[in-house]
Amino acid sequence: MKVKSQQPTTWLDRRELIKATAAGAGALALPGATFAEEAPRKGGRLRLAMPYNPAALDPMTGRNLPDLNTLYAVFDGLIDFVPETLELKPGLAKSWTFTEATTLVLELVENVSFHDGTPFNAEAVKFNLDRYKTDARSNVKADLDSVAGVEVTGKNQVTIKLVRANAGLPSILTNRVGLIVSPKSIQDKGGNVDRTPVGTGPFKFVSWQDNNNIILSRNENYWRPGLPYLDGIDMRIINELNTAVRAVVAGEADIAVNMQAPQKAIADRSPNVVAKAAPGLVLYGAFLNYGRPPLDDVRVRQALNYAIDRDEINKIAAVGLGQPSAAILPKEHWACDPATQNFYKYDPDKAKKLLAEAGHANGLELETFGWADQQAMQRQEIIISQLAKVGIRVKLTALAPQQAVQAFLIEKKGAMSISPSSAYPDPSQAYEALFGKTALRNAGGVELPGFRELLDATMAESDQSKRKEAFAKLQKFVVEQGLQLVQYISPAVHVASPKVMNYRDSLLSVPKLTDVWLKA
Amino acid sequence: MGFGTLIGRRLLQILPIVVFATFVVFSLLHLVPGDPAIALAGDYATKERIEEIRKLYGFDRPLVVQYAVWLWQVLKGDLGISLLSSASVLDLIMQRMPNTILIAAYAFVIATLVGVPLGILAATKVGSRLDAFITSIASLGVALPSFWLAILLVIWLALDLHLFPATGARVFSDDPLGALKHATLPAMALSAAVIAELARQVRSALIEVLGSQYVRTLRAKGLGPVSILWKHGLRNISVTLLTLVGLLVNRLLSGAVVIEAVFAIPGAGNLVAYSALNKDFPVVQGVVFVFVLMIIAINLAVDIIGALLDPRAVQE
C-alpha cells in the first residue's frame with residue numbers, strides 16, 4: 001500500500017479561501033471597505049492572558065491540553081494542522097508516506113536550526129521519538145505505543161516502524177510527540193528541560209515565572225520566511241476567568257484565551273473588545289460503568305440518552321454556545337458523521353418505555369459522581385432534573401475532579417460520573433481512551449463485541465476518505481450503544497482587542513500564534 | 001523576666017510550631033481523598049502512568065516517611081521543587097511573597113490611618129449621630145465580602161475612571177510607584193474589614209477607659225479632654241490595640257488569598273490556593289512554613305512592643 005500525503009500546494013486554508021472570495025464576486029455583496037485586507041504588520045508584543053499555568057514546557061512531561069498554548073509557540077510539530085478542521089499539513093516533515101501499513105517515512109525540511117543554533121535533522125527526530133517512548137518521566141508513552149522503532153534512513157529522512165497499522169500516527173505527530181526538542185539542550189540539562197524549552201518554533205523561550213507569566217521573543221531565524229510577525233509574546237497566567245476578561249477590557253491584555261461560555265456573555269457587554277466562541281473538542285458528557293447492572297443493559301443507556309434534553313442543557317450551561325451532540329466529535333471535525341451526531345432526539349416517553357422493557361418500570365437509582373464547582377453543579381442539576389422526569393433518580397456525590405476520578409475510575413464506585421473529557425489529536429485515540437478495554441476512563445473494563453474491529457478499521461487505511469468512512473461506522477456503534485452520555489461539545493471562547501489580527505480558533509482549543517499580528 | 005528571656009522563649013517555640021503546623025497541613029492534604037498521581041498524570045492519564053508516577057514520586061510510601069523526608073530536606077535548607085511545574089519552591093516563595101507583603105502592609109497602613117481615628121471619633125462622641133453612623137459603617141465593613149467589594153472597586157475605579165490598573169502587580173524594587181498603583185485597589189478591598197474591626201474595637205476600649213474612675217478624677221483635676229485622650233486614654237488602650245493589630249495582620253495575610261485571585265496578583269496566597277487544589281505538597285508545605293515563621297515573627301514583635309508600652313508584661 002502506498003498512499004502519498006497531501007502536498008502543500010493542494011492545501012487551501014480558510015484564510016486563503018477568504019482572500020480568494022474577497023477577490024472574487026463575493027466581495028461585491030459586502031461593503032467594500034471591510035474586505036480591503038491589510039497587509040500583516042511586523043512588530044509589537046502580544047499580551048495574552050490564559051487561565052492555566054503549564055505543568056512543564058517539555059512536551060514529554062507536560063500533561064494538560066493548555067500547555068500547548070506555549071509549546072506550539074516554541075516548538076514546531078513534525079506535522080502541522082489546519083486549526084479549524086485539524087486536517088494535516090506539512091510541518092517539520094515536508095511529506096509523510098506510508099510505504100506499507102506498518103512503515104511511515106517522513107521527509108524532513110532542510111536547513112532548519114534549533115534556537116540554540118544546533119541543526120534540526122533526522123538524528124534529532126529519532127532522539128526525540130525514542131525519548132518520548134522510553135524515558136521514565138515520559139507522560140506520552142501511550143501516544144507511541146504503536147511504534148516499534150525509529151530509524152534514520154537519510155540525513156533528512158526518518159522511517160518509523162509500527163507494531164500494528166496506525167493510520168492515526170500522522171495526526172498524533174501534530175501533538176506532543178511530534179514536537180522536536182533540541183537534543184543538545186536535553187543533554188546539557190541532564191535530561192530535564194521542563195523549564196528550559198529549546199525548539200525550532202517561531203518564538204524563543206525567555207522566562208517563566210510560575211503561575212504569573214511566560215515571556216517569549218521572536219525567533220529571528222525562523223525557517224518559514226517572513227514569520228512570525230510579532231516581536232514577542234507576554235503570556236500572563238490569570239486563573240480567574242472573569243479577571244482575565246477584565247484585563248482585556250481594561251487594555252492590560254490584548255487577548256484572553258481558553259475562556260468559557262459565560263465569559264463571552266460578560267465580554268459582549270464591553271464595546272471595545274471582541275468575544276468569539278468556536279467549536280472545540282472538549283466534550284461535556286458522563287462516563288458510564290457498563291460493566292455491571294444497571295448500565296450493562298443497552299436499553300438503560302439508551303433511555304439515559306433519550307431522557308436528556310441536550311438543547312436545554314446547552315442553552316443553560318453554555319449560554320447556547322456549545323454544540324448539542326450525542327457523538328464525541330463536533331460536526332466540524334473531519335471524522336464526525338453528522339448522520340448519527342444527533343441520533344437521540346429528546347424523547348422522555350421513549351426513555352420510559354425503554355426503562356420498562358429493561359425491567360425498571362418504577363424507575364431506578366443511579367449512584368453518580370460529579371464535580372463540585374459552581375458551573376458543574378449547575379449543569380449537573382439540569383441533568384438530574386431531566387432524568388428525574390423519566391424516573392431515573394440520580395444520587396449525586398460532588399467532588400473535586402481528581403477525587404471523582406479516584407472514586408469512579410479507580411475505586412470503581414457508582415454507575416455514572418458526569419465530567420468533561422479532553423481533546424485528542426487523532427480521534428482513534430479518543431475512542432481508545434474512552435472505550436478501550438484497558439482504558440482508564442472505561443470504568444467497567446468491558447469492551448463491547450464489535451468495538452475493536454471498528455476501531456482497528458479506522459487505523460488500517462491511511463487514506464483520509466476511507467478513514468472517514470471507518471469513523472462513521474465506529475461513531476454509529478458507540479452512539480447506538482450509548483457508551484457515553486454526551487450532552488454537548490464545549491465551545492472554545494476567546495476575548496480580544498480588535499487590534500489582534502489573524503487569530504484563528506482551533507478545534508483543539510489551543511492557539512497557534514505564528515501568523516498573528518497586531519494592528520498599529 | 002527580661003527581654004532576652006522573652007525572645008529566647010519565642011525562638012524555642014518555633015521548631016515545635018513549625019513541625020506541628022506543617023505536619024497538620026501535610027496530613028490534611030493526604031487525608032482529602034484524591035491521588036496526587038492522578039493530577040500529575042493529567043488529562044491523558046493511563047492506569048500504567050498513574051502507577052509509574054506513584055513510584056516515581058514516592059507516593060506509595062507511608063505518610064510519616066514522606067513527611068520525614070520533607071522535614072529532613074528542609075532542615076538541610078532545601079524546600080524542594082514543585083510537583084506540578086518543577087520550579088524551586090524557594091524561588092517561587094521569593095517571587096511571590098513580596099507581592100503579598102506589599103498588599104498586606106499597604107492595607108494595614110490604610111486600615112490604621114482610617115480605622116483608629118474613626119474609633120476615637122466615635123468614642124469621644126458616644127451616642128451622637130456621628131457615632132451611630134460610624135458604628136453602622138463598621139458593621140457593614142465587617143459584613144461585606146472582600147471579593148465583592150474588590151469587583152465593585154475594579155468596575156468603578158479601574159474600568160470606568162481608569163484611575164488604577166484592574167489586574168496584575170509590579171515588583172516594588174523595580175518600580176515602586178507602579179507597584180503602589182497596582183496595589184492600591186487590592187489594598188483598599190482588603191482593608192475594609194480591618195478598618196471596621198479596628199474602629200469597633202478602638203471605640204469600645206476607649207469608651208471603657210474614658211468612663212473609668214481615674215479619668216473622672218483627671219477631669220475633676222481640670223485636665224483638658226485632648227490631654228486626657230492622648231496621654232491617658234490612648235496609652236491605656238495601646239496594649240489591647242497592639243494585640244488586636246497582631247491578629248489583624250494574620251487576617252490580612254489570609255485575606256490576600258481571595259483578593260489576589262480577583263486582581264490576578266502573583267502572590268503567595270494565590271500560590272498556596274492553586275497548589276493546594278492541585279495537591280502540590282512541596283509548594284503548600286513551603287508556603288505554610290514561611291507563613292508560620294512570619295506569624296511567629298509578628299507575634300514576637302507584638303510582645304516586644306507590648307513590653308515597651310507596658311513593662312508589667314515582662315515582669316509577670
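The values are calculated or read from the model by the stated rules, or taken from the named source; none is laboratory data. Keep in mind that this is a model prediction, so the values were computed, not measured. Neighbour counts run over all protein chains shown; Cβ positions are idealised from the backbone, glycine included.
Across segment A:314-325, what is the total count of residues that are of a type outside the set (S, T, N, Q) and either in a loop (DSSP other than H, G, I, E, B) or in contact with a Phe, Trp or Tyr (Cβ under 6 Å, 6 or more places away or on another chain) (or both)?
Within segment A:314-325, the subset of a type outside the set (S, T, N, Q) is A:315-322, A:324.
Subsequent filtering for residues that are either in a loop (DSSP other than H, G, I, E, B) or in contact with a Phe, Trp or Tyr (Cβ under 6 Å, 6 or more places away or on another chain) (or both) retains A:318-322, A:324.
Residues in segment A:314-325 being of a type outside the set (S, T, N, Q) and either in a loop (DSSP other than H, G, I, E, B) or in contact with a Phe, Trp or Tyr (Cβ under 6 Å, 6 or more places away or on another chain) (or both): 6 in total.
How many of the residues in segment A:234-247 are modelled with pLDDT of 95 or more, among the acidic types (Asp, Glu) and either surrounded by fewer than 17 Cβ atoms within 10 Å (Cβ to Cβ) or in contact with a helix residue (DSSP H, G or I) (Cβ under 8 Å, 6 or more places away or on another chain) (or both)?
The total comes to 0.
Of the conditions (1) surrounded by 13 or more Cβ atoms within 10 Å (Cβ to Cβ); (2) out of contact with any helix residue (DSSP H, G or I) (no Cβ under 8 Å at 6 or more places or on another chain); (3) farther than 26 Å from B:Ala273 by Cβ, B:Val64 clears all except one; give me its number.
(1)
Kindly provide the set of residues from segment A:97-151 that are surrounded by fewer than 16 Cβ atoms within 10 Å (Cβ to Cβ), within 14 Å of chain B (Cβ to nearest Cβ) and in a helix (DSSP H, G or I), ordered by number.
Scanning segment A:97-151 gives a single hit, A:Thr134.
What residue, of A:Asp231, A:Asp210, is surrounded by fewer than 17 Cβ atoms within 10 Å (Cβ to Cβ) and either charged (D, E, K, R) or free of Cβ contacts under 8 Å to residues at least 60 places away in the same chain (or both)? Let's see the steps before the verdict.
Values: A:Asp210 fails: surrounded by fewer than 17 Cβ atoms within 10 Å (Cβ to Cβ).
Of the residues listed, the single one that is surrounded by fewer than 17 Cβ atoms within 10 Å (Cβ to Cβ) and either charged (D, E, K, R) or free of Cβ contacts under 8 Å to residues at least 60 places away in the same chain (or both) is A:Asp231.
Do you know which of the residues in segment A:213-228 that are more than 20 Å from A:Ala253 (Cα to Cα) and surrounded by 19 or more Cβ atoms within 10 Å (Cβ to Cβ) is farthest from the other protein chains (Cβ to nearest Cβ)?
This residue is A:Tyr222.
Inside segment A:189-210, can you point out the residues that are in a loop (DSSP other than H, G, I, E, B) and hydrophobic (A, V, I, L, M, F, W, C)?
Correct list: A:Val193, A:Val198.
Scan segment A:248-262 residue by residue and report those that are in contact (Cβ under 8 Å) with a residue 24 or more places away in the chain, among the hydrophobic types (A, V, I, L, M, F, W, C) and outside any helix (DSSP H, G or I).
Step one: filter segment A:248-262 for residues in contact (Cβ under 8 Å) with a residue 24 or more places away in the chain, giving A:248-249, A:251-262.
Narrowing the set further to residues that are among the hydrophobic types (A, V, I, L, M, F, W, C) leaves A:248-249, A:253, A:255-257, A:259, A:261.
A:Ala253, A:Ile255, A:Ala256, A:Val257, A:Met259 - these are the residues of segment A:248-262 that are in contact (Cβ under 8 Å) with a residue 24 or more places away in the chain, among the hydrophobic types (A, V, I, L, M, F, W, C) and outside any helix (DSSP H, G or I).
When residues of segment A:118-171 are filtered for being hydroxyl-bearing (Ser, Thr, Tyr) and free of Cβ contacts under 8 Å to residues at least 12 places away in the same chain, how many remain?
Looking only at that region, the number is 1.
Of the residues A:Ile313, A:Ile383, A:Ile308, which single one is within 28 Å of B:Ala45 (Cβ to Cβ) and under 24 Å from the mean Cα position of the chain (by Cα)?
On inspection, the qualifying residue turns out to be A:Ile313.
One line per residue, one yes/no per condition, for (1) free of Cβ contacts under 8 Å to residues at least 12 places away in the same chain; (2) of a type in the set (A, V, I, L, M); (3) part of a loop (DSSP other than H, G, I, E, B):
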site	(1), (2), (3)
A:Ala327	no, yes, yes
A:Trp334	no, no, yes
A:Tyr344	no, no, yes
A:Ala351	no, yes, no
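Would you call A:Ala275 more than 10 Å from every other protein chain (Cβ to nearest Cβ), under 24 Å from A:Gln378 (Cα atoms), aliphatic (A, V, I, L, M) and touching a residue at least 40 places away in the same chain (Cβ under 8 Å)? Break it down into steps so the answer makes sense when it comes.
Working: more than 10 Å from every other protein chain (Cβ to nearest Cβ): yes; under 24 Å from A:Gln378 (Cα atoms): yes; aliphatic (A, V, I, L, M): yes; touching a residue at least 40 places away in the same chain (Cβ under 8 Å): yes.
When the stated conditions are applied, A:Ala275 passes them.
Can you tell me which of (1) surrounded by 19 or more Cβ atoms within 10 Å (Cβ to Cβ); (2) under 28 Å from A:Pro83 (Cβ atoms); (3) of a type in the set (A, V, I, L, M) is the one A:Ala460 doesn't meet?
(1)
Among residues belonging to segment A:463-498 that are more than 21 Å from the chain's Cα centre (by Cα) and closer than 30 Å to A:Leu295 by Cα, point out the one that is surrounded by the fewest Cβ atoms within 10 Å (Cβ to Cβ).
Residue satisfying both the conditions and the ranking: A:Glu469.
Tell me whether segment A:57-69 contains one or more residues that are of a type in the set (Lys, Arg) and either at pLDDT 90 or above or buried (at least 24 other Cβ atoms within 10 Å of the Cβ) (or both).
The answer is no, given that none of the residues of segment A:57-69 is of a type in the set (Lys, Arg) and either at pLDDT 90 or above or buried (at least 24 other Cβ atoms within 10 Å of the Cβ) (or both).
Would you check if there is a residue in segment B:12-32 being within 14 Å of chain A (Cβ to nearest Cβ) and not in a helix (DSSP H, G or I)?
yes
Which ones in segment B:266-316 are within 19 Å of B:Leu247 (Cα to Cα), within 14 Å of chain A (Cβ to nearest Cβ) and free of Cβ contacts under 8 Å to residues at least 40 places away in the same chain?
If the condition is that a residue be within 19 Å of B:Leu247 (Cα to Cα), within 14 Å of chain A (Cβ to nearest Cβ) and free of Cβ contacts under 8 Å to residues at least 40 places away in the same chain, then no residue fits.
Got a sec? Which of B:Ala179, B:Ala192, B:Ala169 is among the aliphatic types (A, V, I, L, M) and within 14 Å of another protein chain (Cβ to nearest Cβ)?
Details: B:Ala179 fails: within 14 Å of another protein chain (Cβ to nearest Cβ); B:Ala192 fails: within 14 Å of another protein chain (Cβ to nearest Cβ).
That would be B:Ala169, the only listed residue that is among the aliphatic types (A, V, I, L, M) and within 14 Å of another protein chain (Cβ to nearest Cβ).
Quick one: would you say B:Ile237 is touching a helix residue (DSSP H, G or I) at 6+ places or on another chain (Cβ under 8 Å) and closer than 30 Å to B:Gly8 by Cα?
Yes, satisfied.
Cβ contacts < 7 Å: first residue more than 10 Å from chain A (Cβ to nearest Cβ) and free of Cβ contacts under 8 Å to residues at least 24 places away in the same chain, restricted to segment B:34-63; second residue outside any helix (DSSP H, G or I) and not basic (Lys, Arg), any location; separation 6+ or different chain. Result?
B:Arg54/B:Asp60
Could you please find all residues in segment A:353-388 being within 24 Å of A:Asn314 (Cβ to Cβ), free of Cβ contacts under 8 Å to residues at least 40 places away in the same chain and either touching a strand residue (DSSP E or B) at 6+ places or on another chain (Cβ under 8 Å) or outside any loop (DSSP other than H, G, I, E, B) (or both)?
Passing the criteria: A:Ala372, A:Gln374, A:Met377, A:Gln380, A:Glu381, A:Ile384, A:Ser385, A:Ala388.
For segment B:149-161, state whether one or more residues are at pLDDT below 90, away from chain A (no Cβ under 11 Å) and surrounded by 18 or more Cβ atoms within 10 Å (Cβ to Cβ).
yes
Given the condition farther than 28 Å from B:Ala45 by Cβ, buried (at least 18 other Cβ atoms within 10 Å of the Cβ) and modelled with pLDDT of 95 or more, answer yes or no: does some residue in segment A:392-415 qualify?
yes
State yes or no: is A:Asn289 within 14 Å of chain B (Cβ to nearest Cβ), surrounded by 17 or more Cβ atoms within 10 Å (Cβ to Cβ) and either within 30 Å of A:Trp371 (Cβ to Cβ) or of a type in the set (Gly, Ala, Ser) (or both)?
For A:Asn289, the condition - within 14 Å of chain B (Cβ to nearest Cβ), surrounded by 17 or more Cβ atoms within 10 Å (Cβ to Cβ) and either within 30 Å of A:Trp371 (Cβ to Cβ) or of a type in the set (Gly, Ala, Ser) (or both) - is not met.
Under 8 Å by Cβ, and 6 or more places apart or on different chains, what pairs join a residue from segment A:467-489 that is free of Cβ contacts under 8 Å to residues at least 24 places away in the same chain with one that is assigned to a loop (DSSP other than H, G, I, E, B)?
A:Ala470/A:Glu461
Go through segment B:83-96 residue by residue and tally those that are at the interface with chain A (Cβ under 8 Å from one of its Cβ atoms) and closer than 20 Å to B:Val18 by Cα.
Number satisfying all stated conditions: 1.
So which of A:Pro83, A:Pro54, A:Pro66 ends up being away from every other protein chain (no Cβ under 14 Å) and touching a residue at least 12 places away in the same chain (Cβ under 8 Å)? Full working, then the answer.
Numbers: A:Pro54 fails: away from every other protein chain (no Cβ under 14 Å); A:Pro66 fails: away from every other protein chain (no Cβ under 14 Å).
Answer to the check: A:Pro83.
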